[in-house]
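Scroll down for the structure; my scribbles are underneath it.
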Amino acid sequence: MKIVAATANTDKIKEIKEKLLSIPDLEIVPVSEITDVPEIPEDAESFEGNALIKARTICSITGMPSMADDSGLVVDALNGEPGVYSARYGGPGLDDKGRYMLLLEKMADIPDGSRQARFVCVIALVLPDGREFTTTGRCEGSITRSPSGDSGFGYDPVFYIEERGKTMAQLSMSEKNSLSHRGKALEKAAAILKDLAL
Ligand code: IMP
């Protein structure tokens, strides 16, 4: 069984392969190895909507079972911001550090007990026969007052995980994968793929 992954991000491909290893004869192929894909607009209002847009587009271009993910950070005290805008928060002039510093600034007046947040990831699987599946993974935490740690990416340095007593950026890659939103969504996707036995 071959599944096209709608990402060229090598860390994501590695994590997808690792989580789906238990499925016999499954081959994950990054779409970039098959064809050039035009930039896909991610303009839905939900993670699920964006993941489906990407998976549907890749499936219609390649004619093969296709998988895509969309993820982001949801902060309760900011009514769900940055949410689907996580990658673009604060506009195109900001890098990862600029985005999490902006987040800390916006949350300066939010008291310690009200800084809950979660990373959310939705995986969409679209088959050429029109069947569509989505799975969701969440990782609960809270937003710190200053950054700590230098592994990972994005908002990891300001995302604190109570049960580990560390920020996401202070975890090793394998520790992060074992509890991350993406890891959890992938485990659920693996269960669907096992049932489908394409
Ligand atoms: P995408 O799903 O790759 O488009 O990611 C959306 C954005 O959400 C990223 O650019 C990050 O800002 C944020 N994000 C998603 N997953 C993580 C994570 O595991 N750690 C830190 N930031 C993340």
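For the range 111-141, give me the residue count where each residue is part of a strand (DSSP E or B), over 19 Å from Pro157 (Cα atoms) and not small (Gly, Ala, Ser). Lay out the reasoning, then the answer.
So the first thing to find is which residues in the range 111-141 are part of a strand (DSSP E or B), and the list is 116-126, 132-141.
Filter once more, so that each one left must be over 19 Å from Pro157 (Cα atoms): 122-126, 132-137.
With not small (Gly, Ala, Ser) added as a condition, the list becomes 122-123, 125-126, 132-136.
Selection size over the range 111-141: 9.
List, please: which pairs have Cβ atoms under 9 Å, are six or more places apart or on different chains, and start with a residue in the range 49-76 that is without any contact (Cβ under 8 Å) to a residue 24 or more places away in the chain and end with one that is away from the ligand (no atom under 15 Å from the Cβ)?
Qualifying pairs under 9 Å: Ser60/Ser66; Ser60/Val126; Ser60/Pro128.
Out of Ala117, Ala185, Ala190, which single residue is within 14 Å of the chain's Cα centre (by Cα) and of a type in the set (A, V, I, L, M, F, W, C)?
None of the other options fit; the residue is Ala185.
Taking Lys176 and the conditions (1) crowded, with 20+ Cβ neighbours inside 10 Å; (2) touching a residue at least 40 places away in the same chain (Cβ under 8 Å), which numbered condition does it fall short on, given that it satisfies the others?
Among (1) crowded, with 20+ Cβ neighbours inside 10 Å; (2) touching a residue at least 40 places away in the same chain (Cβ under 8 Å), the lone unmet condition for Lys176 is (2).
Every residue in the range 119-172 that is among the acidic types (Asp, Glu) and surrounded by fewer than 17 Cβ atoms within 10 Å (Cβ to Cβ), please.
Residues of the range 119-172 that are among the acidic types (Asp, Glu), as a first pass: 129, 132, 140, 150, 156, 162-163.
Listed by number, the residues that qualify are Asp129, Glu132, Glu140, Asp150, Glu162, Glu163.
Yes or no: Gly72 out of contact with any helix residue (DSSP H, G or I) (no Cβ under 9 Å at 6 or more places or on another chain), of a type in the set (Gly, Ala, Ser) and at pLDDT 95 or above?
no
Restricting the search to the range 140-180, which residues are within 11 Å of the ligand (Cβ to nearest atom) and of a type in the set (S, T, N, Q)?
Once the filter is applied, which keeps residues that are within 11 Å of the ligand (Cβ to nearest atom) and of a type in the set (S, T, N, Q), the range 140-180 yields Ser151, Thr167, Asn177, Ser180.
Taking the range 155-177 as the region of interest, how many residues are modelled with pLDDT under 95 and either within 18 Å of Leu73 (Cα to Cα) or part of a loop (DSSP other than H, G, I, E, B) (or both)?
3
Looking at the range 1-32, which of its residues are over 15 Å from Thr57 (Cβ atoms), buried (at least 18 other Cβ atoms within 10 Å of the Cβ) and within 16 Å of the ligand (Cβ to nearest atom)?
Hits for the range 1-32 are Glu15, Ile16, Lys19.
Examine the range 91-109 for a residue that is within 11 Å of the ligand (Cβ to nearest atom) and closer than 30 Å to Gly63 by Cβ, and state whether such a residue exists.
Looking for residues that are within 11 Å of the ligand (Cβ to nearest atom) and closer than 30 Å to Gly63 by Cβ, one finds none in the range 91-109, hence no.
The values are calculated or read from the model by the stated rules, or taken from the named source; none is laboratory data. The shown structure was predicted, so the numbers you read here are calculated from the model rather than taken from an experiment. Note that we place each Cβ from the backbone using ideal geometry, even for glycine, and neighbour counts take in every protein chain shown.
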